[in-house]
Amino acid sequence: MTETLGFDTRAIHAGADPDPATGARQVPIYQTTAYVFRDADHAARLFGLQEVGYIYSRLTNPTVAALQARIADLEGGAGAVCCSSGHAAQIMALFPLMGPGRNIVASTRLYGGTVTQFSQTIKRFGWSAKFVDLDDPEAVRAAIDDDTRAIFCESISNPGGYLTDIPAIAKIADEAGLPLIVDNTLATPYLCRPIEMGATLVVHSLTKYMTGNGTVTGGVVVDSGKFDWSASGKFPSLSEPEPAYHGLKFHEALGAMAFTFHGIAIGLRDLGMTMNPQGAHYTLMGIETLGLRMPRHVENAQKIAEWLAQDPRVGSVSYGGLASSPQAGVKARVYPKGAGALFTFSLKGGYEAAVKLVDSLKLFSHVANLGDARSLVIHSASTTHSQLTDEQKIAAGAGPDVVRLSIGIEDADDLIADLDQALSAATA
Ligand SMILES: *Cc1c(COP(=O)(O)O)cnc(C)c1O
């Protein structure tokens, strides 16, 4: 859809023309596994990628395709591939780039599950990750070696609400001839569009703000279509004849859509991390209101962070939206519409008080999720980040005295009153 239309218009219309068969105005849930071929020639053309169409729902499905088109549009990408979760999206993004012995350079500030996926699980594929502080450009440059195939970061990072200077990291990636992959889950394309700042790939957990109500587990990989996969010889699965797809040279044959088609034709086909059409339908509906929800999430988070920052029972508040934040400069330059709605704060009473506070809150739900319409709380050190070493916990902003809040779209005053009573209970 054309970039001349506004964000909210595209959030509703992109990818969602009336159903060609029935005229249905809302995108139907195409609850089907397979699609009838017109004839044998049609089937052969679809399998050969000479014609685009539906074969089998592990690969493509019209409901999922509408969601892919919508997200690609909102992120300013050439194409997108949806998958079964945010974690699946990360593997799907790395899969075409990596091979045994290859590595990625990743931020130290990542979702706890991602730290585990990158520091432990990907080793089984012979891949590895080098974790560096992205505030130190020299350390990022020094970590890149001949086997590095990507740089990976989160725009706004979980759990500390830390703001990555994407243009600065994109510059380093560009100089090294590497793709920058940005996990944009916490910002959403409403607050940040990494491709416009030089990112090659954007991944999301659609489970969070994009769906927005805690109903769906899903993910997506968006490709900018701008990276030259053939320039360095480092990405043979995209630039050379791919044996897993009868020798097709994806980049040569498909140009800006090479990464997206690879994600479907090989990634979904062989890894099978497919999104289901019902989940896609819920996420499409969620995205319709993204432009209404995100400003409210941010406004509430700002109010609550400011209230906590002046409270004597609170040790510190880590929120990039605070004027006193060391990240105020990055916030103004890279995230002018807001620093998101996920942040952490520490309690003067330490671990004991943090756990007591979580147990005393009434409106905030104690869950492992984030990015829901309702406000959520968790003690990261004993839950989402418990697999990490103490050093990794502190680097990720999840020390023992730290509580993470995901601020919803309720009335901010009610949330503040709930925090007030729980702080009293926790520090009594
Ligand atoms: C939740 C989350 C993920 C993982 O997504 P799932 O949908 O739970 O697999 C990845 N990155 C970030 C920043 C997240 O918040």
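Listed values, structure above:
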{"item": "Full-extension gain in nm, residue 348 to residue 323, via 0.36 nm per residue minus C-alpha separation", "result": "6.8 nm"}
{"item": "Zero-based 20 Å bins, Cα pair distances in the chain, whole percents", "result": "27, 56, 17, 1"}
{"item": "FRET efficiency, 1/(1 + (r/R0)^6) with R0 41 Å, evaluated for residue 4 and residue 389 via beta carbons", "result": "0.25"}
{"item": "For segment 83-148 and segment 160-227, distance of Cα centres in Å", "result": "14"}
{"item": "Within segment 192-219: backbone nitrogen closer than 12 Å to the residue 226 label point (7 Å, Cα to C-beta)", "result": "193-202"}
{"item": "Linear extension gain, residue 306 paired with residue 50, 0.36 nm per residue minus alpha-carbon span", "result": "86.5 nm"}
{"item": "Spatially proximal lysines relative to residue 337 (Cα-Cα < 17 Å; intrachain offsets below 8 disregarded)", "result": "303"}
{"item": "Spin-label model distance (nm) - residue 125 vs residue 292, 7 Å beyond Cα toward Cβ", "result": "3.9"}
{"item": "Only Lys, Arg (+1) and Asp, Glu (-1) charged, at Cβ; the chain dipole about Cα centre in debye", "result": "420"}
{"item": "Whole-number accessible area per residue in Å² for segment 215-300, which is evaluated in the context of all protein chains at 1.4 Å", "result": "39"}
{"item": "Radius 12 Å from Cβ of residue 354, net charge of other residues (Lys, Arg +1; Asp, Glu -1)", "result": "+1"}
{"item": "Protection proxy ranking of 312-321, 122-131 - average other beta-carbon atoms within 10 Å, highest first", "result": "312-321, 122-131"}
{"item": "Too-long pairs where the Cα-Cα distance tops 28 Å, listed order kept, from 208/393; 171/234; 123/331", "result": "123/331"}
{"item": "Accessible area expressed per residue, segment 1-95, with surrounding protein chains retained (probe 1.4 Å, Å²)", "result": "48"}
{"item": "Charge-dipole axis of segment 7-286 as Lys and Arg at +1 and Asp and Glu at -1 on Cβ define it, positive-most pick from 172, 232, 186", "result": "186"}
{"item": "Of all accessible heavy-atom area on the chain, the percent that carbon and sulfur account for (1.4 Å)", "result": "54"}
{"item": "R0 of 51 Å, Cβ-Cβ distance residue 332-residue 34: FRET efficiency to nearest 0.05", "result": "0.50"}
{"item": "Label-point separation, residue 416 to residue 368 (7 Å along Cα→Cβ), nm", "result": "3.4"}
{"item": "Segment residue 145-residue 12, length gained on full extension (0.36 nm per residue, minus Cα span)", "result": "43.6 nm"}
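The values are calculated or read from the model by the stated rules, or taken from the named source; none is laboratory data. Everything quoted here is computed from the prediction, not taken from an experiment. Please note: Cβ atoms are built from the backbone with ideal geometry, for glycine as well, and neighbour counts cover all protein chains shown. When the accessible area is computed, the model is the full protein with side chains, heavy atoms only, and any ligands, DNA or RNA have been set aside. Shrake-Rupley method; radii C 1.70, N 1.55, O 1.52, S 1.80 Å.
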